[in-house]
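Take a look at the structure below.
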Amino acid sequence: MSSDSHPRAPHVKEEAPTLRLADRITLRPLEAAETLGVSERTLRQLLPELPHFHTEKGGRGCVLIPVESLKRWVEARAEAEGNRVERLAAEIERAFSK
């Protein structure tokens, strides 16, 4: 009998399939940082503003950030920043029109 016909040895674990980032519902801080294009350190400084929760994993805490909440947070920040830019532009325009 050839070795190809034998099932995998019980001590050899198959790797679990990796989910694509687009298919995930939560991200760890490093993954969220990479997604936002910032460092993990910067993300951890923003963590108090971000919707997130802690969970236990193997006796250690794990921070998870829901993807949909992160998207809403980014949209809110972008809108707030856009409003700030519009206000500054209006102020500059008023200053030059005097």
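A few points about this structure:
- A simple rule links phi to the HN-Hα coupling: the Karplus curve 6.51 cos²θ - 1.76 cosθ + 1.60 with θ = phi - 60°, which for the range 76-85 gives 5, 5, 5, 5, 4, 5, x, 5, 5, 5 Hz, with x for Gly and Pro.
- Cut-off under 5 Å, modelled amide H: who pairs with residue 50 long-range: none
- Inter-probe distance in nm under a simple model that places probes 7 Å from Cα toward Cβ, at residue 91 and residue 71: 3.4 nm
- Theoretical FRET efficiency, 1/(1+(r/R0)^6), r = Cβ-Cβ of residue 22 and residue 81, R0 35 Å, to 0.05: 0.90
- Per the Debye calculation on the range 25-97 with a single equal scatterer at every Cα and no solvent contribution, log₁₀ I(q)/I(0) for q = 0.22 Å⁻¹ amounts to -0.95.
Throughout, read-outs are computed from the coordinates displayed, never taken from laboratory work. Fair warning: this is a prediction, and the values are worked out from it, not measured in the lab. Positions of Cβ are generated from backbone atoms using ideal geometry, with glycine treated the same way; all protein chains shown enter the neighbour counts.
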